[in-house]
Amino acid sequence: MLQTKSRNISMDIIRCTALLLVISVHFFLNSGFYDKPLAGGRMYLMTLMRSTFMICVPLFLLLSGYLMSGKKLNKRYYFGLGKTVGIYLLASIACLVYRTVFLHEPFTWGDSFYSLLNFSAAPYAWYIEMYLGLFLLIPFLNAAYHGLSSKKQKQVLLLTMVILTAAPAICNLYKKILPAWWTSLYPVAYYFIGCYLKEFRPKIKKSVGILLLAGIGELTRV
């Protein structure tokens with residue numbers, strides 16, 4: 001009898017949760033929430049919900065680091081890019097057809113082709129644009145991460161990435177006091193955190209974990 005590799009159900013639960021949170025975040029965008037003044041208990045509750053839902057992208061990035069921290073540079077690795085590109089093209093073509101047939105937006109073949117290249121054919125395709133670059137960097141990020149010789153050095157790496165990407169979002173709320181040029185590097189920061197979680201499996205109390213999840217969404221610039 002053939003032995004099959006056991007599937008980690010927790011990874012699927014995280015993916016499904018992140019997917020539902022993506023839908024929830026986009027609900028706020030299309031519900032008129034951002035046009036309302038932040039006043040009253042209901043709006044504060046909705047703002048808290050929106051901030052919590054924003055952990056969707058960080059969860060996907062953490063999963064990437066957790067699951068791909070062992071990837072190395074070779075020709076076979078780059079074949080994995082085809083699946084992501086294929087899904088993007090199918091989704092983009094479907095969006096173009098819908099916008100042309102049902103919304104009656106004028107498109108030429110040239111416009112359609114260009115929209116596929118600049119990631120404007122499908123709404124929210126910025127994530128694919130970001131992930132393609134991250135995918136290409138992953139073997140080199142892994143080499144840098146595993147090139148550190150000790151747990152302490154890797155903790156310093158994570159601390160450095162958090163300071164560069166997250167600290168400005170916290171400290172610059174009212175006035176810029178920290179340089180914020182590197183905040184857009186947050187996908188790499190989350191990726192390294194995923195690598196660290198995979199290697200050391202730190203035990204985190206549930207209460208602390210909930211607080212961390214509640215906070216990381218606002219540190220993501222999307």
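The values are calculated or read from the model by the stated rules, or taken from the named source; none is laboratory data. Since this is a predicted model, take the numbers as computed values, not measurements. No Cβ is skipped: glycine too gets one built from the backbone with ideal geometry, and neighbour counts run over all protein chains shown. We work out accessible area using only protein heavy atoms, side chains counted, and drop any ligands, DNA or RNA first. Shrake-Rupley method; radii C 1.70, N 1.55, O 1.52, S 1.80 Å.
Restricting the stretch 110-133 to residues that are over 16 Å from residue 61 (Cβ atoms) and part of a helix (DSSP H, G or I), the residue that is least open to solvent (accessible area, probe 1.4 Å) is 115.
Among the residues examined, residue 107 does not qualify as out of contact with any strand residue (DSSP E or B) (no Cβ under 8 Å at 6 or more places or on another chain), among the aromatic types (Phe, Trp, Tyr) and exposed (fewer than 10 other Cβ atoms within 10 Å of the Cβ). Residues in the stretch 153-175 that are of a type in the set (S, T, N, Q), within 18 Å of residue 191 (Cβ to Cβ) and outside any helix (DSSP H, G or I): none. Looking across the stretch 134-165, the residues that are surrounded by fewer than 17 Cβ atoms within 10 Å (Cβ to Cβ), modelled with pLDDT of 95 or more and not aliphatic (A, V, I, L, M) come down to 139, 140, 146, 147, 150, 151, 152, 153, 155, 160.
In this structure, does residue 10 turn out to be of a type in the set (S, T, N, Q), open to solvent by less than 60 Å² (accessible area, probe 1.4 Å) and touching a Cys at 6+ places or on another chain (Cβ under 6 Å)? So residue 10 fails the test. All told, residue 193 falls short of being farther than 27 Å from residue 73 by Cβ and either at pLDDT 95 or above or in a helix (DSSP H, G or I) (or both).
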